[in-house]
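To keep things clear, I will list the structure first and then write my remarks on it.
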Amino acid sequence: MFNKFFFLVIFLLDFSILSSQEIISSSKEDEPIEIYADNGIEWHKNEKKYIAIGNAKVISGSLTLESRIIEAFYEENSNSEMDIKKVIAFKDVKISDEKIRITGGKTAEYNIKKDYFQIVGNKIILTSESNILNAKKKMEYWRSKNVAVATGDAVAIKKDEFEIKGEKLVWHLEKIGDETKVKKIMGFENVSIQTNNEVAFSDKALYNKKKEICKLFGNVRLQKGDSFLLGEYAEVDLKSGISKLMPAPKKSNFAEDRVKALINKEGVETNEGSN
Amino acid sequence: MISIQKLSYSLVVKILKYFLVVLSLGIIFLTFYNKNSLNFVPKNDNEKVIDEFSSSSQVLLGPIFIGLDKKKQPYKVSASKASKVEDSIEIFNLENPKGEIVNNEEIYHLQGNKGLFDKPKQFLKLKGNVVFSDKEMFSFETSEATMDFKKKLVLGQEKVTGKKKNSTILSEGFEIEQKKNKIIFKGKSKLVLRK
């Protein structure tokens, strides 16, 4: 119960920060928006929108959105100046923003004020240097906040280090100099983490790049070959490869959430009985 | 003596008669000759046909043509000078033409250096420094455009540059469907919106 509450607090806190940050105006807001098309741009004055047709492209600063057709919706101020509020891309969507690339979207909607993308498709791939995030339903990307949410058989891969799967994965990126690195990953529903020597399963997971530790919550199962450990909470050290299976922190009903293990051939290090 | 007098008199009459016949023939010849000479138009080597807007017979100064389209909405064509292309047909070559069409609450304006206005077909073709605008919101420039008052269409096949407050557009042509209040910028196009 506590675990769920703890995770919910982290999740809500994360998104409340995101939401509040959306209100803060970004410096990128002042950059002009350029719309290109090979087969013309239609201006629908009644609907207050532009439609770019054929190899359509929208560029704003470092951001580029490409697609076959792009619709840009605007609002007019009292001086009849147009302000693009929303951009929708149809078919073969490609987004690039500095070192981030998103491909495979059927449609994408970009809310300019929030600096937020929602990409829909069944094979969406977000890459950031050596990190890859896949989704089979939807990808959301808070551009200025460096957060991506993958929904639908989501997979986060870091070459030669780990692979995290889940119904929903939340990626936090950070820019250090010219590099863009994954800072934190949160996984929800049927989460699995594969390292070089084992696989861990849980309901939810939280990976922290700084500590190189992945915390697993709810229905945890650590598997190495045919051996496995069961519990409610675990910590997987991705750097050392050591996994610790523990009861849920500060759990009142300790006995009920006792750690169970089935060890076959090679042992798995456990903290059975410890807090 | 009397007979000699009669002879000289008849000779004079005869000569006079022939003279009058020759004179009358001369007058008739000159009459026809002069008539032909009135029809002759001296050819001027320096006069060249510039385009389809040239060659005309009548000239109107500051004409204003006003009409109604199918929806009974007014349109207006004016020019600094107009000349009929042919006597029987109402087609005019225009200098500094201006077209104006009302669509619902909006008024569109089109102007250029030269124009051709086909009154029966209700279209205005413009060439040279063509500017299309609605005066308050946007305007764009091109080298050639056609305004079809019947179909409520404005077309252009040449490069277009447009402005509207904080936005600019470049394209290879344009088409304005006034019924749908829609402007299509054709071919490779670029739109820039500044904040």
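Structure summary
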quantity: Three principal axis lengths of the stretch A:127-224 [C-alpha, angstrom, descending]; calculated: 37, 27, 19
quantity: Solvent-free Debye scattering, log10 I(q)/I(0), computed from the Cα coordinates of the stretch A:71-165 at q = 0.18 Å⁻¹; calculated: -0.79
quantity: Dimensionless Rg/Rh of the stretch B:111-179 - Kirkwood Rh, Rg from C-alpha atoms; calculated: 0.97
quantity: GluC sites (Glu not before Pro) within the stretch B:62-140, DSSP loop, no more than 11 other Cβ atoms inside 10 Å; calculated: B:86, B:105, B:136
quantity: Cα-projected label distance for residue B:25 with residue A:94, points at 7 Å along beta-carbon direction, nm; calculated: 9.5
quantity: P(r), alpha carbons of the stretch B:58-193 - 10 Å bins starting at zero, rounded %; calculated: 13, 44, 32, 10, 1, 0
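Read the figures in this text as sums done on the coordinates, not as results from a lab. Because the structure is predicted, anything quoted here is derived from the model rather than measured. Quick reminder, even Gly has a Cβ in these numbers, built from the backbone with ideal geometry, and neighbours come from all protein chains shown.
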